[in-house]
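Below is one structure, written out as structure tokens; comments come after it.
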Amino acid sequence: MTISFQENSNIMRFLFFVFFGFLGAHKMLARYVVENPLVELSSGDELSRVAGYGDEKLSTVVVSGSVLCDVCSDKNDLQSLPIPGASMAFSCVTNKKTSKSDRVTGTTDEYGDFLIDLPSHLHAIPDMENKCCTRIINLPKDSPCYQAFTGHHKKITLSSTDNGFRSYTAHEFHLTPKYSQPCMNKEETF
């Protein structure tokens, strides 16, 4: 079987068009990927990382609040005292099974305030206000409200957002001693 020059030339033209046709399609695809980098991302986890919610710290999300013990003062007035050293936990209920913890802990300072900086893998939880809460884990034994502690928890609310920084608050946890005190029973009159 012999191939004539004419047939050989036609085969070469065909291969030439196929080769440069694929090359052109590849260049067009490469141009599309450069113009739209999201095409390269293969999973939701990768999209979350690029959006600032992955393991790399590209955004900051904090949860704050206060823990107070409402007691009677020497003048028989109600007073809210800060509880320093209270152990706090921020946790979320998610359907996603992950090896990373969905619980972060913190401690109140001398003013009873806490600030918990959330790890990046928790930043992308949708509807965080309804899926996450802050709890009191433990109170110091010298706190007047220690015996009344029952594991209070509060939902969080978004308080501010600006330039990659989101702040949520659990507001104030008001605890009362186990035994009622006289100033707590009297009605306020104006």
Practice task
Would you point out the residue of region 115-145, among those that are touching a helix residue (DSSP H, G or I) at 6+ places or on another chain (Cβ under 7 Å) and of a type in the set (A, V, I, L, M), that is nearest to residue 102 (Cα to Cα)?
Solution key: 125
Exercise for the section: State whether one or more residues within region 81-95 are in the same structural domain as residue 132 (by TED's automatic domain parsing), at pLDDT below 95, in contact with a His (Cβ under 8 Å, 6 or more places away or on another chain) and not hydrophobic (A, V, I, L, M, F, W, C). Expected result: no
Practice task
Kindly indicate whether any position in region 114-131 is assigned by TED's automatic domain parsing to the domain that holds residue 73 and in contact with a Pro (Cβ under 9 Å, 6 or more places away or on another chain).
Solution key: no
Practice task
Would you mind telling me which numbered condition in (1) part of a strand (DSSP E or B); (2) under 22 Å from residue 83 (Cβ atoms) residue 144 fails?
Solution key: (1)
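For (1) in a loop (DSSP other than H, G, I, E, B); (2) of a type in the set (Lys, Arg); (3) at pLDDT 75 or above; (4) over 18 Å from the mean Cα position of the chain (by Cα), each residue gets a yes or a no:
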| residue | (1), (2), (3), (4) |
| --- | --- |
| 55 | yes, no, no, no |
| 58 | yes, no, no, no |
| 63 | no, no, yes, no |
| 69 | no, no, yes, yes |
| 79 | no, no, yes, yes |
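The values are calculated or read from the model by the stated rules, or taken from the named source; none is laboratory data. Note that the coordinates shown come from a computational prediction; the quantities given were computed from them, not determined experimentally. Every residue, glycine among them, receives a Cβ derived from its backbone with ideal geometry; neighbour counts consider all protein chains shown.
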